[in-house]
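Peer 1: First, the structure itself, so that you have it in front of you.
All of the numbers you see were taken from the coordinates with simple rules; none came from a lab. Small disclaimer: the values here were computed from a predicted structure and weren't measured. Every residue, glycine as well, gets a Cβ built from its backbone with ideal geometry; the counts of neighbours run over all protein chains shown.
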């Protein structure tokens, strides 16, 4: 199977970008020929993946004016779509993001769109002044997004929650194709001791609910209060200062890490006694913590309900700071229960959320679209 894999940017090690690369690696591992087309890629990431993939970068970097960005991205995609249509690809895999959807109407080959979620800014309550401004400035994207989506032959979603969300917004049923975890990389490391530390991973944006986590940990008794480490690939200096200020007021020992090596990232998951997922109705959760045998405390929303088994691999709570704090404190005070949850978590991951399983499902779903396309030509 020859695949044209299309995404916007490969410039950070954030969730969606890493998920895309892992999905493509899993397909390549199954014998597929994968060529990656992106608007822009950093030298660092290019160096890491150039031996695995043929990469075509369109050399586009974002500007401050959204409308100008949309025009430039559209022109770039229009040019490259002509090349893709002529190169004999069996199928195109388009990774969800604000620009990539633009290419769907331009491609004449079978098209699969991986949609983590519809653009939330247009369908959910606004939680910051900046997002209100962005919503007004890019209102036309809502309608363009809906138009472009109609040209996908199949939409894949990362969770059942996301699949239902896609139907509510687009009136189209997608297929759930969960993401995976690299269980060779994320594992329990011998000799690494647990520390009185809680780990959270997510960009410094309001929907990641870092403020909720800080306020919750501030409710844990001072003598047992853990340190909080947030690993964030993206975020403004203003948001970082705001979180540090809040943590200081509430007596929470906070450290925000940005770009860290993979080895340190794995080690942090081993050192943490608890990993927290407070996100606001996120569509999917990649529970790498469970692969490292570390239990999770998460808010019972979105994809977390599908990847974490309550009281077996972690604890699910309501969006209530006292309840969240109580769950964290419980696992801190019951190391034997936390250890048991961690071990069950790794088994749960191995059975359901590896990249091999994800790749197998992807290949099957891509094949379906190719078959339908060929039947239509006969």
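Peer 1: Given a Förster distance of 30 Å, report the FRET efficiency between residue 310 and residue 236 from their Cβ-Cβ distance, rounded to the nearest 0.05.
Peer 2: 0.30
Peer 1: Now for a different question. Where does the chain land at 222 nm, in deg cm²/dmol rounded to the nearest 500, when only DSSP H runs of n ≥ 4 count, each adding -39500 (n - 2.57), divided by all residues?
Peer 2: Values: 14 runs with 168 residues, N = 378.
Calculated from helices alone, the mean residue ellipticity at 222 nm is -14000 deg cm²/dmol.
Peer 1: Also, I was wondering about something else. Expressed in nm to one decimal, what extension gain is obtained for the pair residue 339 and residue 61 from 0.36 nm per residue of sequence separation less their Cα-Cα distance?
Peer 2: 95.6 nm
Peer 1: What is the ratio of the Cα radius of gyration of region 197-352 to 2.2 N^0.38 Å, with N the residue count, to two decimals?
Peer 2: That works out to 0.95 for region 197-352.
Peer 1: Over the chain, with a Gaussian network built from C-alpha contacts below 10 Å, which listed residue (161, 114, 147) shows the highest mean-square fluctuation?
Peer 2: Result: 147 has the largest fluctuation of those listed.
Peer 1: Order these peptides, 344-353, 104-113, 83-92, by their mean beta-carbon neighbour count within 10 angstrom, highest first.
Peer 2: Working: 344-353: 18.1, 104-113: 20.5, 83-92: 16.3.
Final packing ranking: 104-113, 344-353, 83-92.
Peer 1: What's the ranking of 66-77, 206-217 by average number of surrounding C-beta atoms within 10 Å, highest first?
Peer 2: Per-residue Cβ counts within 10 Å, averaged per peptide and sorted highest first, yield 206-217, 66-77.
Peer 1: Quick one: angle between helix 262-271 and the longest Cα principal axis of the chain, in degrees between 0 and 90, rounded to 10, please.
Peer 2: Computed tilt is about 30 degrees.
Peer 1: Helix 321-333: angle to the longest alpha-carbon principal axis of the chain, degrees 0 to 90, nearest 10?
Peer 2: Helix 321-333 sits roughly 70 degrees off the main axis of the chain.
Peer 1: Obtain the nm distance between the two label points defined at residue 123 and residue 264 by a simple spin-label model: each point lies 7 Å from its Cα along the Cα-to-C-beta direction.
Peer 2: Rounded to a tenth, the inter-label distance reads 3.7 nm.
Peer 1: Report the normalised scattering of region 8-91 as log10 I(q)/I(0) at q = 0.18 Å⁻¹, calculated by the Debye formula with identical scatterers on the alpha carbons.
Peer 2: Reported log10 I(q)/I(0), two decimals: -0.87.
Peer 1: Pairing the Cα long axis of helix 355-377 with the longest principal axis of the chain, what angle in degrees results, from 0 to 90 and rounded to the nearest 10?
Peer 2: 20
Peer 1: Place a label point 7 angstrom from the Cα of residue 48 along the Cα-to-Cβ direction, then list the residues of region 11-32 whose backbone nitrogen is under 20 Å away.
Peer 2: So the set is 11-29.
Peer 1: Over the chain, what number does the Rg to Rh ratio reach, with both radii from the alpha-carbon atoms and Rh per Kirkwood? Present the calculation step by step, with values, prior to reporting the outcome.
Peer 2: Details: Rg = 21.0 Å, Rh = 21.7 Å.
A ratio of 0.97.
Peer 1: Here's a follow-up. Would you mind getting me the FRET efficiency between residue 227 and residue 372? Use the beta-carbon distance for r and R0 = 51 Å, nearest 0.05.
Peer 2: Efficiency computed from Cβ-Cβ geometry: 0.45.
Peer 1: So, one more: Calculate the translational D of region 309-378 in whole µm² s⁻¹ from Stokes-Einstein, where the hydrodynamic radius comes from the Kirkwood formula applied to all Cα pairs, the temperature is 20 °C and the viscosity 1.002 mPa s.
Peer 2: Once the numbers are plugged in, D ends up at 140 µm²/s.
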